[in-house]
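To start, the structure under review is shown below, and the notes come after it.
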Amino acid sequence: MLDLAIRGGRVALPWGVTEGDLGIAQGRLVALGRVGPAAEELDARGLHILPGVIDTQVHFREPGAEHKEDLLTGGDAAVTGGVTAVFEMPNTKPATTTAALLADKLARAAGRMRCDHAFFVGASAQNVDELAALERLPGCAGVKIFMGSSTGSLLVEDDTTLARVLAAGRRRAAVHAEDEPRLRARRTLAAQGSPETHPVWRDVEAAVAATSRLLRLARDAARPVHVLHVSTAEELPLLAEARDVATVEVTPHHLTLAAPDCYHELGTRAQMNPPVRDVRHRDALWQAVRDGLVDVLGSDHAPHTAAEKATPYPESPSGMPGVQTLLPVMLDHVAAGRLSLERLVDLAAAGPARVFGILGKGRIARGYDADLVLVDLAARRRLEGAWLRSRAGWSPYEGRELTGWPVATLVRGRLVARDGEPIGTPAGRPVRFLDSMREFCASTCNPGARW
(Lines give C-alpha, C1' and ligand atoms only; values in the text may rest on other atoms or scores of the structure.)
Protein backbone atom coordinates (compact mmCIF):
# COMPACT_ATOMS: atom_id res chain seq x y z
CA MET A 1 0.00 0.00 0.00
CA LEU A 2 1.30 3.43 -0.96
CA ASP A 3 1.33 6.20 1.61
CA LEU A 4 0.06 8.74 -0.94
CA ALA A 5 -1.13 8.74 -4.53
CA ILE A 6 -1.32 11.97 -6.50
CA ARG A 7 -3.86 11.48 -9.27
CA GLY A 8 -4.42 13.04 -12.66
CA GLY A 9 -1.81 15.78 -12.83
CA ARG A 10 0.47 16.73 -15.69
CA VAL A 11 3.86 15.62 -14.41
CA ALA A 12 7.13 17.35 -15.36
CA LEU A 13 9.39 14.33 -15.80
CA PRO A 14 13.03 14.64 -16.88
CA TRP A 15 12.07 13.55 -20.40
CA GLY A 16 9.01 15.78 -20.76
CA VAL A 17 5.57 16.63 -19.41
CA THR A 18 3.04 13.80 -19.37
CA GLU A 19 -0.27 13.08 -17.66
CA GLY A 20 -0.27 10.43 -14.98
CA ASP A 21 -0.24 9.49 -11.32
CA LEU A 22 2.54 9.48 -8.74
CA GLY A 23 2.92 6.93 -5.94
CA ILE A 24 4.79 7.83 -2.77
CA ALA A 25 5.99 5.58 0.06
CA GLN A 26 8.29 6.44 2.97
CA GLY A 27 8.92 9.89 1.57
CA ARG A 28 10.10 8.76 -1.85
CA LEU A 29 8.63 8.40 -5.31
CA VAL A 30 8.08 4.69 -5.95
CA ALA A 31 5.63 4.60 -8.87
CA LEU A 32 4.87 6.76 -11.91
CA GLY A 33 2.08 6.44 -14.44
CA ARG A 34 -0.83 4.28 -13.31
CA VAL A 35 -0.41 3.60 -9.60
CA GLY A 36 -2.32 1.38 -7.18
CA PRO A 37 -4.27 2.08 -4.00
CA ALA A 38 -2.89 4.39 -1.31
CA ALA A 39 -3.67 5.32 2.27
CA GLU A 40 -4.26 8.91 1.11
CA GLU A 41 -4.97 10.50 -2.25
CA LEU A 42 -4.46 13.98 -3.66
CA ASP A 43 -6.41 15.16 -6.69
CA ALA A 44 -4.13 17.02 -9.14
CA ARG A 45 -6.51 17.25 -12.11
CA GLY A 46 -5.98 20.53 -13.95
CA LEU A 47 -2.60 21.07 -12.29
CA HIS A 48 1.04 20.57 -13.26
CA ILE A 49 3.32 18.69 -10.86
CA LEU A 50 6.88 20.03 -10.78
CA PRO A 51 9.94 19.04 -8.77
CA GLY A 52 10.15 21.20 -5.67
CA VAL A 53 12.25 24.32 -6.13
CA ILE A 54 15.73 24.23 -4.57
CA ASP A 55 16.67 27.81 -3.66
CA THR A 56 20.42 27.82 -3.15
CA GLN A 57 20.73 31.43 -1.96
CA VAL A 58 18.64 32.67 0.94
CA HIS A 59 19.40 34.86 3.95
CA PHE A 60 17.14 33.94 6.87
CA ARG A 61 18.94 36.28 9.33
CA GLU A 62 19.04 33.88 12.30
CA PRO A 63 20.89 34.31 14.57
CA GLY A 64 21.32 38.02 15.20
CA ALA A 65 18.61 39.73 13.15
CA GLU A 66 15.44 37.78 13.81
CA HIS A 67 13.37 40.96 13.62
CA LYS A 68 13.90 40.75 9.83
CA GLU A 69 13.44 36.96 9.43
CA ASP A 70 14.11 33.69 11.19
CA LEU A 71 14.33 30.06 10.17
CA LEU A 72 10.66 29.42 10.92
CA THR A 73 9.25 32.39 8.99
CA GLY A 74 11.75 32.01 6.15
CA GLY A 75 10.96 28.32 5.84
CA ASP A 76 7.24 29.01 5.82
CA ALA A 77 7.70 31.61 3.07
CA ALA A 78 9.70 29.04 1.12
CA VAL A 79 7.15 26.22 1.18
CA THR A 80 4.21 28.56 0.54
CA GLY A 81 5.95 29.57 -2.67
CA GLY A 82 6.81 26.01 -3.78
CA VAL A 83 10.40 25.88 -2.48
CA THR A 84 11.19 22.54 -0.84
CA ALA A 85 14.88 23.03 0.04
CA VAL A 86 17.01 26.07 0.81
CA PHE A 87 20.69 26.85 1.24
CA GLU A 88 21.08 29.56 3.87
CA MET A 89 23.94 32.06 3.77
CA PRO A 90 26.53 32.58 6.52
CA ASN A 91 26.44 36.39 6.99
CA THR A 92 24.45 36.23 10.21
CA LYS A 93 25.47 37.55 13.65
CA PRO A 94 27.71 35.81 14.44
CA ALA A 95 28.81 34.73 10.98
CA THR A 96 28.79 30.97 10.36
CA THR A 97 32.55 30.35 10.30
CA THR A 98 33.08 27.38 12.66
CA ALA A 99 31.79 23.86 13.17
CA ALA A 100 30.07 24.95 16.39
CA LEU A 101 28.22 27.79 14.67
CA LEU A 102 27.15 25.49 11.83
CA ALA A 103 25.88 22.97 14.39
CA ASP A 104 23.98 25.77 16.11
CA LYS A 105 22.11 26.64 12.90
CA LEU A 106 21.26 22.99 12.27
CA ALA A 107 19.93 22.70 15.82
CA ARG A 108 17.86 25.86 15.39
CA ALA A 109 16.36 24.48 12.17
CA ALA A 110 15.35 21.13 13.68
CA GLY A 111 11.60 21.08 14.33
CA ARG A 112 11.14 24.66 13.05
CA MET A 113 11.63 24.49 9.28
CA ARG A 114 9.11 22.81 6.98
CA CYS A 115 11.57 22.74 4.07
CA ASP A 116 14.79 20.77 3.89
CA HIS A 117 17.88 22.90 4.40
CA ALA A 118 21.64 23.30 4.34
CA PHE A 119 23.91 26.09 5.54
CA PHE A 120 26.96 27.69 3.95
CA VAL A 121 30.12 28.29 5.94
CA GLY A 122 31.63 31.74 5.41
CA ALA A 123 35.24 32.09 4.31
CA SER A 124 37.55 34.52 6.06
CA ALA A 125 41.27 35.01 6.56
CA GLN A 126 40.84 33.59 10.07
CA ASN A 127 39.32 30.21 9.18
CA VAL A 128 41.15 29.32 5.94
CA ASP A 129 42.91 26.35 7.52
CA GLU A 130 39.61 24.85 8.72
CA LEU A 131 37.59 25.28 5.51
CA ALA A 132 38.49 21.91 3.97
CA ALA A 133 37.08 20.10 7.01
CA LEU A 134 34.13 22.46 7.49
CA GLU A 135 32.82 22.04 3.95
CA ARG A 136 32.47 18.27 4.43
CA LEU A 137 30.33 18.46 7.56
CA PRO A 138 26.77 17.10 7.30
CA GLY A 139 24.32 19.90 6.58
CA CYS A 140 26.96 22.16 5.06
CA ALA A 141 26.16 23.47 1.58
CA GLY A 142 29.81 24.44 1.00
CA VAL A 143 31.88 27.60 1.35
CA LYS A 144 30.58 31.10 0.61
CA ILE A 145 33.03 33.84 -0.38
CA PHE A 146 32.21 37.55 -0.27
CA MET A 147 34.66 39.40 -2.53
CA GLY A 148 32.67 42.61 -2.06
CA SER A 149 31.09 43.95 1.11
CA SER A 150 27.39 43.43 1.64
CA THR A 151 25.23 42.72 4.71
CA GLY A 152 27.43 41.40 7.51
CA SER A 153 31.15 41.34 8.19
CA LEU A 154 32.44 38.52 5.96
CA LEU A 155 34.91 39.75 3.33
CA VAL A 156 37.73 38.20 1.26
CA GLU A 157 38.86 41.11 -0.86
CA ASP A 158 42.55 40.51 -1.69
CA ASP A 159 43.94 37.97 -4.13
CA THR A 160 46.34 36.44 -1.61
CA THR A 161 43.58 35.47 0.81
CA LEU A 162 41.22 34.49 -2.02
CA ALA A 163 43.85 32.16 -3.47
CA ARG A 164 44.32 30.53 -0.05
CA VAL A 165 40.56 30.07 0.36
CA LEU A 166 40.21 28.50 -3.10
CA ALA A 167 43.12 26.16 -2.42
CA ALA A 168 41.58 25.05 0.90
CA GLY A 169 38.96 22.58 -0.18
CA ARG A 170 37.40 20.75 -3.13
CA ARG A 171 33.65 21.41 -3.15
CA ARG A 172 32.19 24.09 -5.39
CA ALA A 173 32.44 27.46 -3.63
CA ALA A 174 29.68 30.06 -3.97
CA VAL A 175 30.97 33.58 -4.62
CA HIS A 176 29.62 37.13 -4.41
CA ALA A 177 31.86 38.74 -7.03
CA GLU A 178 32.19 42.51 -6.64
CA ASP A 179 35.57 44.25 -6.41
CA GLU A 180 35.87 45.73 -2.92
CA PRO A 181 38.72 48.22 -3.66
CA ARG A 182 36.65 49.68 -6.52
CA LEU A 183 33.55 49.85 -4.33
CA ARG A 184 35.47 51.80 -1.70
CA ALA A 185 36.96 54.15 -4.29
CA ARG A 186 33.53 54.92 -5.78
CA ARG A 187 31.53 55.18 -2.55
CA THR A 188 31.06 58.95 -2.95
CA LEU A 189 29.10 58.35 -6.18
CA ALA A 190 26.20 56.99 -4.11
CA ALA A 191 24.26 60.25 -4.00
CA GLN A 192 22.30 61.10 -0.87
CA GLY A 193 18.61 60.30 -1.31
CA SER A 194 19.10 58.92 -4.85
CA PRO A 195 18.88 55.10 -4.99
CA GLU A 196 19.08 55.29 -8.79
CA THR A 197 22.82 55.97 -8.27
CA HIS A 198 23.30 52.52 -6.71
CA PRO A 199 24.35 50.96 -10.07
CA VAL A 200 26.59 53.99 -10.65
CA TRP A 201 28.46 53.35 -7.43
CA ARG A 202 28.51 49.54 -7.72
CA ASP A 203 29.16 49.71 -11.44
CA VAL A 204 29.66 47.14 -14.19
CA GLU A 205 33.43 47.22 -13.83
CA ALA A 206 33.20 46.33 -10.12
CA ALA A 207 31.46 43.08 -11.11
CA VAL A 208 33.63 42.35 -14.16
CA ALA A 209 36.91 42.96 -12.34
CA ALA A 210 35.94 40.65 -9.48
CA THR A 211 34.66 37.88 -11.76
CA SER A 212 37.83 38.07 -13.89
CA ARG A 213 40.03 37.77 -10.80
CA LEU A 214 37.93 34.92 -9.43
CA LEU A 215 38.04 32.87 -12.63
CA ARG A 216 41.81 33.26 -12.95
CA LEU A 217 42.45 32.19 -9.36
CA ALA A 218 39.87 29.38 -9.49
CA ARG A 219 41.59 27.90 -12.52
CA ASP A 220 44.99 28.21 -10.83
CA ALA A 221 43.62 26.35 -7.81
CA ALA A 222 41.60 23.84 -9.91
CA ARG A 223 38.64 24.76 -7.70
CA PRO A 224 35.07 24.84 -9.03
CA VAL A 225 33.15 28.02 -8.23
CA HIS A 226 29.53 29.12 -8.52
CA VAL A 227 29.18 32.81 -9.41
CA LEU A 228 26.10 34.17 -7.68
CA HIS A 229 23.58 36.77 -8.90
CA VAL A 230 25.37 37.63 -12.15
CA SER A 231 24.10 41.07 -13.19
CA THR A 232 26.09 42.35 -16.18
CA ALA A 233 26.28 41.62 -19.88
CA GLU A 234 30.06 41.93 -19.73
CA GLU A 235 30.52 39.03 -17.30
CA LEU A 236 28.73 36.54 -19.53
CA PRO A 237 31.46 36.04 -22.19
CA LEU A 238 34.00 35.53 -19.39
CA LEU A 239 31.81 32.90 -17.78
CA ALA A 240 31.14 31.20 -21.12
CA GLU A 241 34.90 30.72 -21.51
CA ALA A 242 35.24 29.32 -17.99
CA ARG A 243 32.84 26.40 -18.01
CA ASP A 244 35.64 24.16 -16.78
CA VAL A 245 35.58 25.91 -13.39
CA ALA A 246 32.47 28.09 -13.16
CA THR A 247 28.71 27.71 -12.96
CA VAL A 248 26.29 30.63 -13.13
CA GLU A 249 23.34 31.86 -11.07
CA VAL A 250 20.87 34.60 -11.98
CA THR A 251 18.02 35.96 -9.90
CA PRO A 252 14.37 36.69 -10.70
CA HIS A 253 14.84 40.38 -9.86
CA HIS A 254 17.71 40.81 -12.32
CA LEU A 255 15.53 39.11 -14.96
CA THR A 256 12.40 41.10 -14.12
CA LEU A 257 13.29 44.62 -12.94
CA ALA A 258 15.31 47.26 -14.81
CA ALA A 259 16.92 50.59 -13.99
CA PRO A 260 16.07 53.42 -13.83
CA ASP A 261 12.34 52.63 -13.70
CA CYS A 262 12.57 50.25 -10.74
CA TYR A 263 14.29 52.90 -8.61
CA HIS A 264 11.71 55.53 -9.56
CA GLU A 265 8.89 53.11 -8.72
CA LEU A 266 10.29 51.27 -5.69
CA GLY A 267 13.00 53.55 -4.33
CA THR A 268 15.32 51.77 -1.92
CA ARG A 269 13.15 48.63 -2.09
CA ALA A 270 14.89 47.97 -5.43
CA GLN A 271 18.34 48.34 -3.84
CA MET A 272 20.36 45.11 -4.14
CA ASN A 273 24.00 44.03 -4.25
CA PRO A 274 24.92 43.68 -7.06
CA PRO A 275 22.44 46.26 -8.34
CA VAL A 276 19.52 45.91 -10.69
CA ARG A 277 20.86 47.45 -13.92
CA ASP A 278 19.37 48.75 -17.15
CA VAL A 279 17.51 46.86 -19.87
CA ARG A 280 20.68 46.07 -21.85
CA HIS A 281 21.93 43.90 -19.00
CA ARG A 282 18.53 42.33 -18.37
CA ASP A 283 18.25 41.37 -22.04
CA ALA A 284 21.74 39.85 -21.95
CA LEU A 285 20.82 37.73 -18.93
CA TRP A 286 17.76 36.42 -20.73
CA GLN A 287 19.90 35.54 -23.73
CA ALA A 288 22.24 33.65 -21.39
CA VAL A 289 19.24 31.72 -20.05
CA ARG A 290 18.22 30.82 -23.61
CA ASP A 291 21.79 29.87 -24.54
CA GLY A 292 22.11 27.46 -21.63
CA LEU A 293 24.86 29.44 -19.91
CA VAL A 294 22.81 29.96 -16.75
CA ASP A 295 22.76 26.92 -14.47
CA VAL A 296 20.68 27.99 -11.50
CA LEU A 297 17.96 30.41 -10.41
CA GLY A 298 18.43 31.68 -6.86
CA SER A 299 16.22 34.17 -5.09
CA ASP A 300 18.93 35.88 -3.00
CA HIS A 301 16.14 36.31 -0.45
CA ALA A 302 17.59 39.11 1.69
CA PRO A 303 14.85 40.58 3.89
CA HIS A 304 14.90 43.87 5.76
CA THR A 305 11.95 45.52 7.45
CA ALA A 306 9.99 48.18 5.61
CA ALA A 307 11.20 50.74 8.14
CA GLU A 308 14.83 49.83 7.51
CA LYS A 309 14.37 50.06 3.74
CA ALA A 310 12.78 53.49 4.21
CA THR A 311 16.08 54.85 5.55
CA PRO A 312 17.40 57.49 3.12
CA TYR A 313 19.83 56.10 0.53
CA PRO A 314 22.72 55.19 0.80
CA GLU A 315 22.33 54.42 4.52
CA SER A 316 19.48 52.06 3.55
CA PRO A 317 20.33 48.34 3.57
CA SER A 318 20.60 46.36 0.33
CA GLY A 319 18.37 43.36 -0.22
CA MET A 320 14.78 42.29 -0.83
CA PRO A 321 12.62 39.27 0.03
CA GLY A 322 12.30 36.72 -2.76
CA VAL A 323 12.10 33.06 -1.70
CA GLN A 324 8.29 32.95 -1.77
CA THR A 325 7.97 34.84 -5.06
CA LEU A 326 10.69 33.03 -7.06
CA LEU A 327 8.32 30.46 -8.57
CA PRO A 328 5.27 32.70 -9.22
CA VAL A 329 7.42 35.40 -10.86
CA MET A 330 9.18 32.86 -13.07
CA LEU A 331 5.92 31.07 -13.94
CA ASP A 332 4.66 34.46 -15.13
CA HIS A 333 7.69 34.62 -17.44
CA VAL A 334 6.74 31.14 -18.69
CA ALA A 335 3.21 32.40 -19.39
CA ALA A 336 4.69 35.35 -21.30
CA GLY A 337 6.76 32.99 -23.48
CA ARG A 338 10.19 34.07 -22.20
CA LEU A 339 11.19 30.52 -21.25
CA SER A 340 9.68 27.06 -21.33
CA LEU A 341 8.36 25.20 -18.33
CA GLU A 342 11.05 22.56 -18.91
CA ARG A 343 13.79 25.19 -18.78
CA LEU A 344 12.35 26.63 -15.57
CA VAL A 345 12.38 23.18 -13.97
CA ASP A 346 16.03 22.77 -14.98
CA LEU A 347 17.02 26.15 -13.54
CA ALA A 348 15.07 25.82 -10.30
CA ALA A 349 15.42 22.12 -9.44
CA ALA A 350 17.63 19.94 -11.64
CA GLY A 351 20.30 22.63 -12.03
CA PRO A 352 20.87 23.18 -8.30
CA ALA A 353 21.00 19.41 -7.72
CA ARG A 354 23.54 19.01 -10.53
CA VAL A 355 25.74 21.97 -9.56
CA PHE A 356 25.97 21.15 -5.86
CA GLY A 357 25.85 17.36 -5.98
CA ILE A 358 22.59 17.05 -4.04
CA LEU A 359 21.47 13.49 -3.40
CA GLY A 360 17.92 12.37 -4.17
CA LYS A 361 16.42 15.73 -5.16
CA GLY A 362 15.82 17.89 -8.20
CA ARG A 363 13.75 15.63 -10.43
CA ILE A 364 10.61 13.50 -10.48
CA ALA A 365 11.92 9.95 -10.83
CA ARG A 366 11.65 6.65 -8.97
CA GLY A 367 13.74 6.56 -5.82
CA TYR A 368 13.97 10.35 -5.48
CA ASP A 369 12.59 12.32 -2.56
CA ALA A 370 8.94 13.22 -3.12
CA ASP A 371 9.65 16.97 -3.12
CA LEU A 372 6.88 18.35 -5.29
CA VAL A 373 4.96 21.52 -6.05
CA LEU A 374 1.54 21.46 -7.68
CA VAL A 375 0.95 24.58 -9.77
CA ASP A 376 -1.95 26.07 -11.67
CA LEU A 377 -0.40 27.50 -14.83
CA ALA A 378 -3.66 29.23 -15.79
CA ALA A 379 -4.33 30.97 -12.48
CA ARG A 380 -3.97 34.73 -12.73
CA ARG A 381 -4.14 36.98 -9.71
CA ARG A 382 -2.59 39.97 -8.04
CA LEU A 383 0.30 39.41 -5.63
CA GLU A 384 -1.03 40.73 -2.33
CA GLY A 385 0.83 41.42 0.89
CA ALA A 386 -1.52 39.15 2.85
CA TRP A 387 -0.12 36.13 0.98
CA LEU A 388 3.48 36.82 2.07
CA ARG A 389 4.94 34.78 4.94
CA SER A 390 8.31 36.50 5.36
CA ARG A 391 8.61 38.53 8.54
CA ALA A 392 9.75 41.44 6.37
CA GLY A 393 6.14 41.65 5.19
CA TRP A 394 6.69 43.21 1.76
CA SER A 395 7.73 42.33 -1.79
CA PRO A 396 8.91 44.41 -4.76
CA TYR A 397 6.27 42.56 -6.79
CA GLU A 398 3.27 43.55 -4.66
CA GLY A 399 0.40 44.66 -6.84
CA ARG A 400 1.62 42.80 -9.94
CA GLU A 401 -0.73 40.51 -11.83
CA LEU A 402 1.00 37.15 -12.22
CA THR A 403 -0.03 34.07 -14.19
CA GLY A 404 0.94 30.71 -12.68
CA TRP A 405 0.66 30.01 -8.95
CA PRO A 406 1.67 27.24 -6.54
CA VAL A 407 -1.31 25.36 -5.10
CA ALA A 408 0.34 22.75 -2.85
CA THR A 409 3.86 21.83 -1.75
CA LEU A 410 5.15 18.47 -0.53
CA VAL A 411 8.49 17.76 1.14
CA ARG A 412 9.41 14.08 1.13
CA GLY A 413 5.78 13.19 0.57
CA ARG A 414 4.38 15.33 3.39
CA LEU A 415 1.98 18.15 2.55
CA VAL A 416 3.63 21.29 3.97
CA ALA A 417 1.65 24.07 2.26
CA ARG A 418 -1.70 24.32 0.53
CA ASP A 419 -3.64 27.24 -0.93
CA GLY A 420 -1.25 29.83 0.48
CA GLU A 421 -1.02 28.38 3.99
CA PRO A 422 1.87 26.43 5.56
CA ILE A 423 0.47 23.33 7.25
CA GLY A 424 1.60 20.40 9.37
CA THR A 425 4.36 20.04 11.92
CA PRO A 426 7.74 21.35 10.70
CA ALA A 427 9.88 18.32 9.88
CA GLY A 428 12.53 19.59 7.46
CA ARG A 429 15.85 17.73 7.40
CA PRO A 430 19.41 18.58 6.35
CA VAL A 431 20.05 18.16 2.64
CA ARG A 432 22.47 15.34 1.74
CA PHE A 433 25.41 15.89 -0.62
CA LEU A 434 27.60 13.46 -2.51
CA ASP A 435 30.78 15.27 -1.40
CA SER A 436 29.96 14.87 2.29
CA MET A 437 28.16 11.52 2.22
CA ARG A 438 30.93 9.71 4.08
CA GLU A 439 30.73 12.19 6.95
CA PHE A 440 26.91 12.07 6.87
CA CYS A 441 26.95 8.28 7.19
CA ALA A 442 29.56 8.41 9.93
CA SER A 443 27.19 10.56 11.98
CA THR A 444 23.95 8.67 11.24
CA CYS A 445 24.71 5.07 10.22
CA ASN A 446 25.77 2.07 12.24
CA PRO A 447 29.50 1.94 13.02
CA GLY A 448 31.34 0.43 10.11
CA ALA A 449 28.44 0.81 7.69
CA ARG A 450 29.49 1.48 4.11
CA TRP A 451 27.96 4.35 2.20
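The values are calculated or read from the model by the stated rules, or taken from the named source; none is laboratory data. Bear in mind the structure is a predicted one, so any value in this text is a computation, not a measurement. Virtual Cβ from ideal backbone geometry, glycine too; neighbours counted across all protein chains shown. Heads up: the accessible areas ignore ligands, DNA and RNA and are worked out on the full protein's heavy atoms, side chains in. Shrake-Rupley method; radii C 1.70, N 1.55, O 1.52, S 1.80 Å.
To put it simply, the accessible area of the stretch 145-290 at a 1.4 Å probe is 50 percent carbon and sulfur.
Taking only protein heavy atoms and a 1.4 Å probe, the accessible area of the stretch 307-451 is 49% carbon and sulfur. Evaluated with a Cβ-only charge set (Lys, Arg +1; Asp, Glu -1), the chain carries a dipole of roughly 820 debye about its Cα centre, given to the nearest 20. Using the average count of surrounding beta-carbon atoms within 10 Å as a protection proxy, the listed peptides 234-240, 254-260 rank, highest first, as 254-260, 234-240. Taking the C-alpha atoms only, the angle from helix 279-291 to the longest principal axis of the chain is near 40 degrees. Heavy-atom accessible surface of the stretch 194-234, averaged per residue, reaches 29 Å², computed with a 1.4 Å probe. Average 1/r across all pairs of distinct alpha carbons in the stretch 256-398, invert it, and you get the Kirkwood radius: 16.8 Å.
The alpha-carbon of K144 sits under 17 angstrom from the alpha-carbons of these lysines, leaving out residues fewer than 8 places away in its chain: K93, K105. For the pair T18 and R290 in one chain, pulling the backbone fully straight at 0.36 nm per residue adds 95.6 nm over the alpha carbon distance. Can you give the log10 of the normalised intensity I(q)/I(0) at q = 0.16, 0.23 Å⁻¹, computed with Debye over equal Cα scatterers of the stretch 351-443? Debye curve over Cα of the stretch 351-443, log10 I(q)/I(0) at q = 0.16, 0.23 Å⁻¹: -0.88, -1.21.
Peptide packing for 2-13, 157-168 was compared via the average number of neighbouring C-beta atoms within 10 Å per residue; ordered from the highest value, the list is 2-13, 157-168. Entry comment: accessible area of the stretch 1-64 is 43 Å² per residue, from protein heavy atoms only and a probe of 1.4 Å.
Residues in the stretch 319-434 average 36 Å² of solvent-accessible surface per residue, probe 1.4 Å, ligands and nucleic acids excluded.
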